[in-house]
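Data block below; observations after.
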Amino acid sequence: MAQAKRTVVEYRIYELPLELPIVCLTGDAWRISDVPAERLHFHNCMEIGFCHSEDGYLDFETERTPFEAGDVFIIPRHVPHTTCSREGCKSRWSYLFVDLDALTSALLPSDEAYRLRQRTRISKPMKITRESDERLHFLCRCMLEEASREDEDARGMLQIYALAAASELQRRSTDASRHSAKNSKAFPLKPALEYIHDHYMEPCDASTLASLCHLSQTHFRRLFLSCMGSTPLQFVISTRIYQACVMLLNSDEPVLTIAQAVGMPSVSSFNRNFQQVMGMSPRQYRTSTARPSPMKGSILPYRGWTLPEG
């Protein structure tokens, strides 16, 4: 069922821990309203959603997909969507926000990890039921069960189930890519956002990004500012600073090394941009006990929910 297209304005960021890049949101409080959202939103990482009760629908840009208890949805990063329960009820959900590549790469040689990463890129959301895909449905449920546990043993099992799920996605990626290629109404900025996600450490000029989206530079800049609330260059810088924050907190690498790793070889330029975004120097950020979130001062106005909406 085609829906009237809504303006995409919410880019919801999840800060995934470097040592185990997954965030699990679960519990009885996670219930979805029956009031339709005015906006779609999208994420910086893959979302795996589990419907535990009731029914309703997920709205994407140009289509509506019904859900019921037991369904699992895999939604790639940068795919706008929203969820609404059937009138008069509130469906209960659990969510995994995950970097599947990083979660499984430690289990594979680097060349094998790269090949798996290249082949498991799905660009279209997937609805999975026990009947439609029993194996992948089972693996996703196992991932949720392990991610919900708080003991140390769960980490290894979570990685194993994630690797198996990634392998299953690899089998389905050809058909998914063929299907998505037929959809000419996909979110037009997705190719640019994907490129920035994968190549933020390299030069990212507006001309290249616009050509990836098959848009003129003028139209691309206008659309990017409207959807993302920043210019393309500001977004690239914000992405680099975010990645630098992760490295500062999870490694002992010198500031110069981190600056170069995120694509800013001039340490003076890195320090200046870091100060503008974070309100403190990289060294202060690393040693401070009251450091702000990497999203503090960011050009991205929204963060992912870590508590249910009131």
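Quick look at the values:
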{"read-out": "Enumeration of residues in region 236-283 that are surrounded by fewer than 19 Cβ atoms within 10 Å (Cβ to Cβ), within 29 Å of S207 (Cβ to Cβ) and among the charged types (D, E, K, R)", "value": "R272"}
{"read-out": "Matching option when the condition is at pLDDT 90 or above and either among the acidic types (D, E) or within 20 Å of the chain's Cα centre (by Cα) (or both), among R240, R272", "value": "R240"}
{"read-out": "Total residues in region 26-41, condition touching a residue at least 40 places away in the same chain (Cβ under 8 Å) and either acidic (D, E) or touching a Lys or Arg at 6+ places or on another chain (Cβ under 7 Å) (or both)", "value": "9"}
{"read-out": "Test: residue in region 122-140 that is modelled with pLDDT under 85, within 30 Å of A192 (Cβ to Cβ) and surrounded by 15 or more Cβ atoms within 10 Å (Cβ to Cβ)", "value": "yes"}
{"read-out": "Filter result (of a type outside the set (G, A, S), under 21 Å from F138 (Cβ atoms) and part of a loop (DSSP other than H, G, I, E, B)) within region 40-75", "value": "H52, D71"}
{"read-out": "Selection count where residues are assigned to a helix (DSSP H, G or I) and within 28 Å of Q284 (Cβ to Cβ), scope region 197-227", "value": "1"}
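The values are calculated or read from the model by the stated rules, or taken from the named source; none is laboratory data. What you see is a predicted model, and the numbers here were worked out from it, not measured in a lab. Methodologically, a virtual Cβ is constructed for each residue, glycine included, from the backbone with ideal geometry; neighbour enumeration extends over all protein chains shown.
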